[in-house]
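In what follows, a single structure is set out as structure tokens and then discussed.
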Amino acid sequence: MTAVPDDELPPPTSQTLHGDRRDGVEHGAIHKPIHTSVQYGFDRVEDLIGVFQGTVRNSFSYARQGTPTSAALEAKISQLEQGIGSICFASGMAALSALFLTLLRAGDHLVASRYVFGNTNSLFGTLGDLGVAVSKVDAGSADKVRAALRPETRMVFVETVANPGTQIPDLEAIGALCRERGLLYVVDNTITSPALFRPKSVGAGLVVNSLTKTIAGHGAALGGAVTDTGEFDWRGYPNIAASYRAMDPRQWGLQQIRKKGLRDMGGTLAPEQAHRISLGAETLSLRVAQTSATALALARFLDAHPAVGRVHYPMLESHPQHALAVRHFKAGSWLLAFELHDSARMPAMLDRLQLAIKATGLGDNRTLVIPVAPTIYWEAGPVVRAEMGIADGLVRVSVGLESADELIADFEQAIA
Ligand SMILES: *Cc1c(COP(=O)(O)O)cnc(C)c1O
């Protein structure tokens, strides 16, 4: 099902499991403890000064900029994405807003996929109000991205698999274009997660993950992360403040995002949440393998059902970017969407589901279903919905860990 070399994926589970123990073990604890301290004291004033001046590294001063617990999670995310460093935030949206607001300035231009998470799309509106122009293009074609570029373009942003329509950008060709033009390539890897795809492999400079979804998995903690893959040369990026230009250029981007985005804007991940997300991450590759297999079985079942219209799932041969999906992703993920031929029957069908829960949310261990147009895309309005290819009767399914047989039986009785 995949052309990805085996030695690259899945992520090395053993390292995820043993990372806390190998890096700064405390009292033999096999988990990184939940450090609730806000302040950190020093024996020598030079060390306190050094933390502020950036000469003492891997130390803590005030928890808004991180704790040992969030640092342990950051190390895990960096290892999963094979990056040079990560910063955790209170949610995926906190990570995205910190990234955009600290790296873009009024007069800059951002090229983004037209098919992005609804709240990210709404955030683009805020960027517009602040003087950052945003062009939304069909990133399934790198030529459309190329055509949108301007002299003041700073960044190209895409998501690996769009929610809910499962569109996939031409990840590799856009990466090559960004490299050619010296542009920062930012990939939101939330739906696929590093268990299925590493954006670094297509030249992404920064990777965003909503930890709330696939990585934490249990629907019991919010979190987000930005990872620097080491692929982007920050020396060519004009918006780095002078104070960060003094250090190793590989650190410029993350340092600016940490200082401006975490210290100044304060979207900090709480240590309790970092701990829960770390526990979830231990089973990431197991969960994703199973939810992807179940989602494919459910997609095939729905695709063959006479009452079902279009089914959107990247690993179906009928998917418009199926070849891209097979080339890049180890499996298809837990996200699928479908329409009934008779959309008037959709609400009653959803009400008959016994196992799948009618709820918003993604990447939970339980299967969640939601009619998209009247809920999460209601505020966006009919014009944006049409632009994004969201039909009025579209149902999104986030496939959980229930057995495929039970789940398919549930949909079968609900559709009948
Ligand atoms: C959910 C989601 C986000 C936002 O994450 P939160 O943790 O809910 O703030 C960002 N991008 C994508 C693709 C998402 O699915």
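The values are calculated or read from the model by the stated rules, or taken from the named source; none is laboratory data. Since the structure is predicted, the reported quantities are computational estimates derived from the model, not experimental observations. Every residue, glycine as well, gets a Cβ built from its backbone with ideal geometry; the counts of neighbours run over all protein chains shown.
Given the residues ALA220, ALA195, ALA173, which is the only one that is within 13 Å of the ligand (Cβ to nearest atom), over 11 Å from the mean Cα position of the chain (by Cα) and of a type in the set (A, V, I, L, M)? Outline the logic, then answer.
Values: ALA195 fails: within 13 Å of the ligand (Cβ to nearest atom); ALA173 fails: within 13 Å of the ligand (Cβ to nearest atom).
The match here is ALA220.
Being in contact with a helix residue (DSSP H, G or I) (Cβ under 8 Å, 6 or more places away or on another chain) and away from the ligand (no atom under 16 Å from the Cβ) is the filter here; which residues of the range 110-129 pass it?
Correct list: VAL111 only.
Taking into account only those residues within the range 325-369 that are crowded, with 21+ Cβ neighbours inside 10 Å and of a type in the set (Gly, Ala, Ser), which is nearest to the ligand (Cβ to nearest atom)?
Only one residue tops the list, namely GLY363.
Take the range 74-87 and flag every residue that is in a helix (DSSP H, G or I) and in contact with a strand residue (DSSP E or B) (Cβ under 7 Å, 6 or more places away or on another chain). First the steps, then the outcome.
Of the range 74-87, the ones in a helix (DSSP H, G or I) are 74-81.
The answer is GLU74, ILE77, SER78, GLU81.
Given the criteria among the hydroxyl-bearing types (Ser, Thr, Tyr), at pLDDT 95 or above, assigned to a loop (DSSP other than H, G, I, E, B) and surrounded by fewer than 16 Cβ atoms within 10 Å (Cβ to Cβ), does SER318 qualify? Steps first, please.
Numbers: among the hydroxyl-bearing types (Ser, Thr, Tyr): yes; at pLDDT 95 or above: yes; assigned to a loop (DSSP other than H, G, I, E, B): yes; surrounded by fewer than 16 Cβ atoms within 10 Å (Cβ to Cβ): yes.
It is true that SER318 is among the hydroxyl-bearing types (Ser, Thr, Tyr), at pLDDT 95 or above, assigned to a loop (DSSP other than H, G, I, E, B) and surrounded by fewer than 16 Cβ atoms within 10 Å (Cβ to Cβ).
So if I check each of VAL145, VAL161, which one is outside any strand (DSSP E or B) and farther than 23 Å from LEU104 by Cα? Give the derivation first.
Values: VAL145 fails: farther than 23 Å from LEU104 by Cα.
Selected residue: VAL161, the only one of VAL145, VAL161 that is outside any strand (DSSP E or B) and farther than 23 Å from LEU104 by Cα.
What residue, among those in the range 28-52 that are β-branched (Val, Ile, Thr) and touching a residue at least 12 places away in the same chain (Cβ under 8 Å), is surrounded by the most Cβ atoms within 10 Å (Cβ to Cβ)?
Of all residues in the range 28-52, those β-branched (Val, Ile, Thr) come to 30, 34, 36, 38, 45, 49, 51.
Going one step further and asking which of them are touching a residue at least 12 places away in the same chain (Cβ under 8 Å), we end up with 34, 36, 38.
Working: ILE34: 16, THR36: 11, VAL38: 11.
Filtering the range 28-52 for residues that are β-branched (Val, Ile, Thr) and touching a residue at least 12 places away in the same chain (Cβ under 8 Å), the one surrounded by the most Cβ atoms within 10 Å (Cβ to Cβ) comes out as ILE34.
Can you name every residue in the range 201-217 that is within 12 Å of the ligand (Cβ to nearest atom) and outside any loop (DSSP other than H, G, I, E, B)?
Let us first name the residues in the range 201-217 that are within 12 Å of the ligand (Cβ to nearest atom), namely 207-216.
Result: VAL207, VAL208, ASN209, SER210, LEU211, THR212, LYS213, THR214, ILE215.
Kindly indicate the residue of the range 223-238 that is in a loop (DSSP other than H, G, I, E, B), away from the ligand (no atom under 16 Å from the Cβ) and in contact with a strand residue (DSSP E or B) (Cβ under 7 Å, 6 or more places away or on another chain) and also farthest from THR192 (Cα to Cα) among those meeting that condition. Spell out how you get there, then give the answer.
From the range 223-238, those in a loop (DSSP other than H, G, I, E, B) are 223, 229-233, 237-238; that's our starting set.
After this cut, where a residue has to be away from the ligand (no atom under 16 Å from the Cβ) as well, the list is 229-233, 237-238.
Add one more test, that the residue is in contact with a strand residue (DSSP E or B) (Cβ under 7 Å, 6 or more places away or on another chain), and what stays is 229, 232, 237.
Details: THR229: 17, PHE232: 22, TYR237: 28 Å.
This residue is TYR237.
Can you confirm whether the range 59-73 contains a residue that is in contact with a His (Cβ under 7 Å, 6 or more places away or on another chain) and either assigned to a helix (DSSP H, G or I) or of a type in the set (D, E, K, R) (or both)? Can you show your working first?
Narrowing the range 59-73 to residues in contact with a His (Cβ under 7 Å, 6 or more places away or on another chain): 67-69.
Add one more test, that the residue is either assigned to a helix (DSSP H, G or I) or of a type in the set (D, E, K, R) (or both), and what stays is 68-69.
Within the range 59-73, one or more residues are in contact with a His (Cβ under 7 Å, 6 or more places away or on another chain) and either assigned to a helix (DSSP H, G or I) or of a type in the set (D, E, K, R) (or both).
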